[in-house]
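Worksheet: the structure to be examined is printed underneath.
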Amino acid sequence: MTRSDSRYVGASVRSKEAPRHVTGRGRFVDDLVLPRMLHAFVLRSPYAHARIVSANAGRAAHATGVYGVITPDDVVRLTTPFKPGRYAAGLRVPVPEYATAVGKVRYVGEPVAMVAASSRPEAEDALELIDVEYEPLPAIVTTEAAAAPDATLIYDELGTNVAWQGHVSFGDVDAAFARADRVVSANLGIHRYSSTPLEPFACLVDPTPERLTLYCNCQNPEVVYEAITEALGIDGVRVAVPDVGGGFGQKIHLIRKYAVLTALMAVQTGRPVKWIEDRSEHMMAAGHSCDQEFDVEAAVRNDGEVLGLRIADTDDVGGSVSTLTIHFTNKLNNLFNTYRVQNLRLEGRSVLTNKCPVVPNRGIGKPGMCFIWERMMDAVAQELGLDPIAVRRRNLVTQDQFPYTTPNGNIIGSGDYQGLLDRALKNIGYEDIRAQQKTGNDRLIGIGVVIGLEPGGRNAARDMAIFPKSKQMPGAGGVEGATVKIEKNGSVVFTLGAPSCGQSHETTAAQIVADVLGIPPDRISASGGWDSSLSPWGVSCANSGNNFHLYDIGAVHGAAMRVREKVLTLAAHLLKVDRSALDLRDGIVGRVPSAAPNSSADGPATITFAELGKIAYANQALLPEGFEGGLEATYYHSHPHADPGMLPDETGRVRAQYTFGSAAHAALVEVDPGTGRVKVLRYVIVSDNGTMINPSVVDGQIYGSAAHGISVALGEGFVYGDDGQLLTLTLLDYGKSTTLETPRIEIEHHPVPDPYTTLGQKAAGEGAAIPSPAAIASAVENALSPFGARVRRLPLTPERVWNLMHVSR
Amino acid sequence: MTHSVRITVNGEAYEGDVEPRALLVQFLREQLGLTGTHVGCVVGECGACSVLVDGVLVKSCLMLAVQANGREVTTIEGLRRGGRPHPVQEAFVNGFALQCGFCTPGFVMAAHALLARNPNPTEEEIRRDLSSNLCMCTGYVQIVEAVKSVGSDPGTGRHRGQTPERGDSTP
């Protein structure tokens, strides 16, 4: 297939997944039932910080219906601790971490024990009978308190709560500051939040004699696959991922604790065991995006050119070392945003506190990096008395610079940043709004326009940029497979190398296969959920990192091309024509009309996929010599930039991700002067996702991620008390936006194809969650300009906005 | 101790014993295997477990199974008519009004209940009504558009998505 003959790619082809979900026939882990299945429940720490003096299962073990109890002692005795992975690349001292707390609890909700019974109510009742004695320790809930010299240590092994300190530096930052006309500085902050997938964690383990099967709603199956293999010391492991009720990064990492606990319980009891997390458990212990604080200085010239940035980043990573540096290293993915600035130093500190551990979440690190750049662009404009759009334009990478290599090694294939800004300004009516603001009225209306990147396709070695001499490289570059098969009856089935959690992968992949094989999408289906025994998976098998568009699309396209070759070879042999005379359309292989006008007398002019299928699988006599039976192929895809720049060099330069979509966001807001409440009047996005495979699917991803970023900016988030108790245990307290608070988002597409991907596609997933917090901040600051207020921190709750107007500036 | 209940679900009568503390959603999922009704929060905030009880939209995590005794329940599995998807279901498919699908049954039931009361809701009315349900994936735009697209049947003035007649549902 060439880019010009796509029939289905580029069209909003009907969803493959939707018919089962609208009729209640999706299959999620909690929908699965196995014979003699037990139900497990997890006992969690009520304290933010405490020593575990003792944990006794005795009373619970004898309770009605109970078949098993696992205590920390059991976990230490029966499992090996997790290996520190690339998420903890900065960890310098080995710290064993198990599936439950051992010796100490370090956050409210940390798992301590598990009980399994013949029914869920019995298991829940038995939880109260597990006797755990705690010796409470001082709870540390701020990074300042944690970093104090006399602070109680959260991990004694580390000798400090500042668990990691390091930096990356590119260009000559000192020289940039030396030649600056002035330095603009700001202290910025982003709070704790999460995407709160509607389906919490879920595990079901079936311990059959030949191997242990885990049904799990994980995003990165490799994480739970390796966790169980290593923790239990078995290699008879199969992981199956059915429908997943949202992920957003939440289901990548901490879910491994529960996979191991459920597996251990299944092994101990010899029965299938199901564990389903409830909402409050998810809120307190399933992982948060971390609080981040940035002290930023920008070296600028009086004309608005930014010469360099210095950033001191403090990440509150909560009560675990297992994701110590991911929020820092993910900033490498969009370290320079859309700007051609050459000099930047980013210093990082990962500080432990007695709060929930941090995990990836919709863009992880990248929203913070975009927030830094876009807040500073506004700050520079204010300080220099320039227009904020003009300051951005002054610093953007220009079209003649593509493909553009950022100072830290990312290669941006294509883009049109000026064009995105032009269209966003036009669509929201920027000039008119500015003119109206000048005429003056009593309403506090503000506009903010920002620009950001959506990096896609992860380099598994990226995190080593802060630790280039590591001898434990966790894998590098990216590889992912897919299988395409024409069945004996002529229909087509494909198997992807990675699971999905709601991004229409079945629909999108079917469109690719449809175009390559010339068969309508309604005759193509996915073979089922992800299965470690059947899915062709590589290091890029992850429903994260915006991997699908690059790896899985490339893989399914490559597999379909191989099947196409087999089809042409077999059909040419059977039709007795040269294969160059053949074309595939609507599941029929036929002669191109102009190719061989007089050859039809020799035999049939066409042959269907079903006829080919019967022959390929069942009639060896008709196969050409040397033809491998069947019509199936597997292909593993990589990316041209995955080599040789996949490993960080001595300066920490690394191709962190491989494609870079971009978008301009324009927000128009109104602030209620009496209450501080912010209402989003309009929200406009102009987006470059490269070649779009299914525009309605792309729209959906943009709408959803923008809505989340806006909700984050305006107040959703986790709040802790001084004692380390989480005060936002429900979705209502947490402040999730409904249809009432979420604005009607307006999208215009401005696609610039990527030169390095299979079809010119770029990522389309979490992207709009990256610039949207910055856009809202910019708009609210503009609305508050009569007060001279500066928006430096999120969330912009009514209380904070009211204070910006009336108390603190 | 259990209670005997008789509950009509999607047109079929079920008799059985339930624990006093069993929620309606647990009865539907665990005893009847109607797993299309989902549990997202179990405290009435997310709406993933929305069903109709005697034609009224109910969050089935906020109702005990014993409270449904003698009543008629319609779940997402009961919306199909004559083997064909309900117009609201069709509109959600055509409008890309879902992503992961976990909230979807609840949204379809809520949209169906709204359209049965108000066949031609404005966007504002749709947004006010559907604020009973949460979706973490979509940003709601395509859900609202899908509900709008169902509209009224111009021939009868009746909404094509009205509550199904009794016995007209297939579990």
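Report the calculated FRET efficiency for A:D156 and A:R182 (r = Cβ-Cβ distance, R0 = 51 Å), to the nearest 0.05. Using R0 = 51 Å, I get an efficiency of 0.65. Counting neighbouring beta carbons within 10 Å and listing from fewest to most, the residues B:T37, A:T675, A:T651 come out as A:T675, A:T651, B:T37. Distance between the modelled labels on A:A610 and B:E125, one decimal in nanometres: 4.8 nm (7 Å Cα→Cβ projection). Calculated on the Cα set of the range A:629-693, radius of gyration then Dmax: 22.4, 75 Å.
Coupling constants for the range B:121-130 follow from the phi torsions by the Karplus curve (6.51 cos²θ - 1.76 cosθ + 1.60, θ = phi - 60°), and in residue order they are x, 6, 4, 4, 5, 4, 5, 5, 5, 7 Hz; glycine and proline get x. Of the trypsin sites (Lys or Arg not before Pro) in the range A:520-598, the ones in a loop by DSSP (not H, G, I, E or B) with at most 12 other beta carbons within 10 Å are A:K576. Based on the convex hull around the alpha carbon atoms, the range A:404-501 presents an average projected area of 13.7 nm². According to the calculation over all Cα-Cα pairs in the protein assembly as shown, the P(r) per 20 Å bin from zero is 13, 44, 35, 7, 0 %. Computed on the range B:3-78, with alpha-carbon pairs under 8 angstrom and 6+ residues apart, the relative contact order is 40 percent. For the range A:326-342 versus the range A:697-735, the spacing of their alpha-carbon centroids is 24 Å.
Taking GluC sites (Glu not before Pro) that fall in a DSSP loop and have at most 14 other Cβ atoms within 10 Å as cut points, what is the longest piece of chain A between them?
A:211-624
Taken residue by residue and averaged, Cβ atoms of other chains lying within 10 Å of the Cβ of A:500-512 number 2. Among the trypsin sites (Lys or Arg not before Pro) found in the range A:253-360, those both in a DSSP coil and sparsely packed, with 16 or fewer other Cβ atoms within 10 Å of their Cβ, are A:R301. Projected over all directions and averaged, the alpha-carbon convex hull of the range B:3-78 occupies 4.2 nm². Projected over every direction and averaged, the convex hull enclosing the alpha-carbon atoms of the range B:87-150 yields 3.5 nm².
Between the range A:250-296 and the range A:756-809, the C-alpha centres lie 30 angstrom from each other.
Based on DSSP H segments of at least four residues, each scored -39500 (n - 2.57), chain A has a per-residue ellipticity at 222 nm of -8000 deg cm²/dmol.
With a 10 Å cut-off around each Cβ of A:194-203, the average count of Cβ atoms from other chains is 4. In chain B the Cα-Cα distances spread across 5 Å bins starting at 0 as 1, 9, 19, 22, 20, 14, 8, 4, 2, 0, 0 percent of all pairs. A straight chain from A:R59 to A:D722 at 0.36 nm per residue would run longer than the Cα-Cα distance by 235.3 nm.
None of the figures in this text is laboratory data; all of them are computed from the coordinates on show. Remember, predicted model here, so these are calculated numbers, not experimental data. FYI the Cβ positions are ideal-geometry reconstructions off the backbone, even for glycines, and counts take in every protein chain you see.
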